[in-house]
Amino acid sequence: MRQALYLGSRLALFGATLGAALWGWSQQPFTAALVERSAESAARAIEAQFQRSFTPEAAADRIRTALETGDDFRALWLADLADEEALPLPPDLNLEIEALRASREGVVAGAMDCAACAWDIRSCASLSEIAFCALPVEMTPLGDLNALRRQGTAALAGEEVDRLETGLALVGLAATSAILVTGGGSALVKAGATALRGAKRLGSLTPGVARMIGSLGDLPIRWPAVLRGAPLEEITDAARLTRVTDMAKDIGRIAGNTSASETLLVLRHIDSAEDAARLARVSDVAKAKTASRLEVLGKSRIFRATLRLSDTAVAAFAALWAGITGLLSLIAGWMMQGILRLLKPPPQRRGWR
């Protein structure tokens, strides 16, 4: 009777656990298994992964790779990041970085280069030069007008015109003059369009983003109107500029959370409008650290850090695990009882005297 009661209770417990597991799975827990973390939880997850990944050895390796590939801009930025995180670098690498800084950031050269950097962002020597020399001009209508002037001069001279840069400059002008209906987001659109144009000039615009804004290449441009400074409606079809405003607005959000110059680094990781939207959400969490954390962790890891398993999925996993362990425990109990019966010595029969 005791064995029957024991077995019945185990079967009842297993049946209840299995029923709960089947009910959980009937709710289709993995159709939306991953959900967004809260801002505080996502910030902690991103920071924890960054601290595990950006070690002194990893920083040195990244800087050496940048130097070997001739990406001095990235090497200096990574060296500044290592200094900010108080990571010691090898003495020989420190000497190489200091020599590179000395060759590019001399006092006299800096004074002369700032004007050139403001005129053409491709001549900027560092992220700080872009921030202090180029972007203050680029973020004003003067930057857009300068881009249009370059392309208008090329068009009238019969040379090739960069129609993407032209289109982005027109988007910037439209946002500045509040022609675009952006729900109060014209400043974000302007910042995003400026960042896109800067990345285009630097050659760091990804092919995916270049294809997305390719529709700007079909804009009708009246170049004589450009060169005489006519209103935007006389230059092109302003209504068609709204096609890229959503992505520009997301990129402008990134610029607002970080800085306009560091957005140029973030743009290296954006391949689609979805990437721009997700990185805008990441920047809401990571704020000024967005570019550095993205550079170290990469796009996939930083996206995963902002997600967690939904409560339904966790409950389904727990019910499934409980069901499996219950079944294994039941089987183990049966096997143990069988082994004990086999090991139990047979009863001694008493003979008749």
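Every number here is computed from the coordinates shown, using simple stated rules; none is lab data. In this text, all values refer to a predicted model and were calculated from it rather than measured experimentally. Don't worry about glycine lacking a Cβ; one is built from the backbone with ideal geometry, like all the others, and counts go over all protein chains shown.
Worth pointing out:
- Between Leu307 and Leu145, the modelled label-to-label distance comes to 4.7 nm, taking each label 7 Å out from Cα in the direction of the beta carbon.
- Prolate/oblate/rounded call for region 114-221, Cα gyration tensor, a/c under 1.5 rounded: rounded
- Segment Glu234-Arg52, extension gain: residue separation times 0.36 nm, minus the distance between their alpha carbons: 60.0 nm
- Most tightly packed first, judged by the mean number of other beta-carbon atoms within 10 Å of their residues, the peptides 269-281, 253-265, 91-103 read 253-265, 269-281, 91-103.
- Near the amide H of Leu307, within less than 5 Å, lie the amide hydrogens of Arg37, all on another chain or at least 5 residues away, with H placed in the peptide plane.
- Set of region 39-60 residues, backbone N closer than 11 Å to the point 7 Å along the Cα-Cβ line of Leu87: 50-60
- Centroid-to-centroid separation of region 231-303 and region 62-82 [C-alpha atoms, Å]: 23 Å
- Hypothetical label at Leu156: residues of region 193-237 whose amide nitrogen lies under 20 Å (7 Å Cα-Cβ projection): 220-237
- The label point for Ser300 and the one for Ala210, both projected 7 Å from the Cα toward the Cβ, are 2.4 nm apart.
- Between region 201-218 and region 123-165, the alpha-carbon center distance in angstrom: 15 Å
- Label point at Asn94 placed 7 Å out along Cα→Cβ; residues across region 47-62 whose backbone nitrogen lies under 18 Å: 55-62
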